[in-house]
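Taking it in order: structure first as structure tokens, then the write-up.
The values are calculated or read from the model by the stated rules, or taken from the named source; none is laboratory data. Since the model is a prediction, treat every value here as computed from it, not as a measurement. Neighbour counts are summed over all protein chains in view; Cβ atoms, including those assigned to glycine, are modelled from backbone coordinates with ideal geometry. Note: accessible area is taken over every heavy atom of the protein model, side chains too, but ligands, DNA and RNA are not part of it. Shrake-Rupley method; radii C 1.70, N 1.55, O 1.52, S 1.80 Å.
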Amino acid sequence: MNTETTVDPCAETDAIQENLPPCAFVLFGATGDLTRRKIIPALFDLSLQKLLPDPFVIVAFARRDKTDESFRADLKAALQEFAPKLPVDGEEWKAFSAKVYYLRSNLDDAEGYTRLSQRLDEIDKQYAIAGNRLFYLATPPENFDEIIVNLGKAGLNEAGEGGGWSRLIIEKPFGTDLETAKKLNTELREVFGEEQIYRIDHYLGKETVQNILVLRFANQIFEPLWNQKYIDHVQITVAETLGMEGRGNYFEQSGIVRDIVQNHALQVLTLIAMEPPTALEADSIRDEKVKVLKSIRPFAPEDVAAWTVRGQYGAGEMDGKEGKEQAVSYREEEGVDPQSCTETFAAFRFEVENWRWAGVPFYVQAGKRLEKRVTEVQIQFKAIPDVLFRRLDCADVRPNRLTLRIQPDEGASLEIGSKTPGPQMRVQPVTMNFQYGASFDQPIKDAYQRLILDAIRGDASLFARNDEVEAAWGLITPILDAWRDLSCPLFPNYAAGSWGPESAKNLLDGKRAWHQPE
């Protein structure tokens, strides 16, 4: 369908600098891959859009022996590699990089944090930052504890001399099970207040994830149908074509459930299933998400065998730049145990046991080395009563389906039945499409841009709260425990380039089937 956009009265504020407080952005893990691929490109792009506060100063904290100048040169090289469309040879980069500083220290060195505190006090005075500090933990999770403790010992959990604020962004994985998540939350609360903590999940920063709330609550046509009377089931698919790409050591300890399902997939599920919040504010939204997680039926040991499927990819053919390319099996990837039982695919049937969703299954599947890279939500409505069209020669009267495409080709589509042209009454499905790229004359920005801006604003709506994290782990941990106690399936059980193991079809009854995104 063609979608016309009207003039947005708020659009002018998107193109000019927001009235944001000045900020010192302290980056731990400053020489790591996440910084080079995501964080610095996001910050520089925000600077080009004039969306960062003024002044905005970056202080990198890492152990490698670098100077301000050499670190700035490294960041420029990273932008040329990972964000080549951003201009790094002009005045914009000179102005941005001039406010990037490097402080060398080991993460467990208390004296380094004392020097950091002193440097931030100097920056407060030099740039009139007003004591506002945003700490970003872009490090492996094993470093979280020592950074948090040392920030507290140095008094950096408190505002600076200007009397501003101190906030902490912490990357996933947030724990590896319920026990470790609770431990990390306890360690955080000993140093920071919950209102200072921003647990980041980049999926929540994606435009199309945020649009789930708008589609549901800004369009009256959907909300009356958004319940067990009209919806048959919901499918959530998070499919990746990539294999390990050098992350075998990490993935061996994680698996697809810890890497994707516990965070990304469950976040999407809660947005689909939540009740309308009382306001578009952080705690109102997160309260409703926590209610959904607590409403999902817990998995007893006997449920795990019936309602879950796990898989591991073997060798197969994948689409490449020059046609089909051979992909090795997971057990042949670098850093992977040749006898590994780590899952690269998982599928679940979740039951949200509340008034709205009783009897509506939520099917979730996530996997590596699948046929297509796509993240989609498909809401399938119930079939029409078979009384009106059954005597006619109808080609295909199918249930209506609403598909939300999170990535790539972001947008939504609605499948409806339509009469085919001609003298006879024939019905076949047609699709009405909405695509961001066709409807809005501006590109979709990386999720990190929105999330960093929200942390500077003090808006935690798109960040996970402590009880939300623990509720998600409370659901997933019994499944992982049961898998550990059960014998490992005969891996590999699906070929690279397929849609996963055949056994995943058993989660759906005979009248339902997995939607395979095009």
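Details
Every residue, every condition in (1) open to solvent by 40 Å² or more (accessible area, probe 1.4 Å); (2) on the phi < 0 side of the Ramachandran plot; (3) touching a strand residue (DSSP E or B) at 6+ places or on another chain (Cβ under 8 Å), yes or no:
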| site | (1), (2), (3) |
| --- | --- |
| LEU178 | yes, yes, no |
| GLU190 | yes, yes, no |
| GLY205 | no, yes, no |
| THR208 | no, yes, yes |
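- Filter pass, PHE71 being touching a Leu at 6+ places or on another chain (Cβ under 9 Å), in contact (Cβ under 8 Å) with a residue 40 or more places away in the chain and among the aromatic types (Phe, Trp, Tyr): no
- The test for being closer than 28 Å to LEU168 by Cα, within 19 Å of the chain's Cα centre (by Cα) and among the acidic types (Asp, Glu) does not hold for GLU281.
- Scanning the range 218-240 for residues that are acidic (Asp, Glu) and in a helix (DSSP H, G or I) gives a single hit, GLU223.
- Of all residues in the range 482-498, those being open to solvent by 30 Å² or more (accessible area, probe 1.4 Å) and touching a residue at least 12 places away in the same chain (Cβ under 8 Å) number 8.
- Single residue of the range 228-260 satisfying the filter (of a type in the set (S, T, N, Q) and open to solvent by 30 Å² or more (accessible area, probe 1.4 Å)) that is farthest from HIS515 (Cα to Cα): ASN249
- Conditions (1) at pLDDT below 90; (2) in contact with a Ser or Thr (Cβ under 9 Å, 6 or more places away or on another chain): number failed by ASP485: (2)
- Single residue of the range 402-433 satisfying the filter (of a type in the set (A, V, I, L, M) and farther than 24 Å from LEU269 by Cβ) that is most open to solvent (accessible area, probe 1.4 Å): MET425
- Test: residue in the range 207-216 that is basic (Lys, Arg) and touching a Phe, Trp or Tyr at 6+ places or on another chain (Cβ under 7 Å): yes
- Matching residues in the range 363-381 - criterion: being surrounded by 20 or more Cβ atoms within 10 Å (Cβ to Cβ) and within 28 Å of ARG247 (Cβ to Cβ): TYR363, VAL364, GLN365, ALA366, GLY367, LYS368, ARG369, LEU370, THR375, GLU376, VAL377
- Condition met for ASP124 (within 19 Å of PRO21 (Cα to Cα) and not small (Gly, Ala, Ser)): yes
- Screening the candidates SER284, SER329 for the property of being small (Gly, Ala, Ser), touching a Phe, Trp or Tyr at 6+ places or on another chain (Cβ under 7 Å) and either surrounded by 13 or more Cβ atoms within 10 Å (Cβ to Cβ) or closer than 30 Å to LEU490 by Cα (or both) yields one hit, SER329.
- Any hit, the range 165-176, residues being in a helix (DSSP H, G or I) and either in contact with a helix residue (DSSP H, G or I) (Cβ under 6 Å, 6 or more places away or on another chain) or open to solvent by less than 50 Å² (accessible area, probe 1.4 Å) (or both): no
- Residues being assigned to a helix (DSSP H, G or I), within 18 Å of LEU116 (Cα to Cα) and either at pLDDT 90 or above or not polar (S, T, N, Q) (or both) are entirely absent from the range 20-28.
- If you go through the range 287-326 and pick out every residue that is touching a Phe, Trp or Tyr at 6+ places or on another chain (Cβ under 6 Å) and open to solvent by 60 Å² or more (accessible area, probe 1.4 Å), you end up with 0.
- GLY131 touching a helix residue (DSSP H, G or I) at 6+ places or on another chain (Cβ under 7 Å), farther than 30 Å from GLU288 by Cβ and without any contact (Cβ under 8 Å) to a residue 60 or more places away in the chain: yes
- Only one of the numbered conditions (1) in a helix (DSSP H, G or I); (2) more than 30 Å from CYS341 (Cα to Cα); (3) not β-branched (Val, Ile, Thr) is not met by ALA471, and that is (2).
- Only listed residue being farther than 23 Å from TRP514 by Cβ and of a type in the set (Ser, Thr, Tyr), chosen from SER487, SER498: SER487
One line per residue, one yes/no per condition, for (1) within 21 Å of ALA471 (Cα to Cα); (2) hydrophobic (A, V, I, L, M, F, W, C):
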site	(1), (2)
GLU179	yes, no
THR186	yes, no
VAL191	no, yes
ARG199	yes, no
TYR203	yes, no
VAL209	yes, yes
GLU240	no, no
GLY246	no, no
VAL257	yes, yes
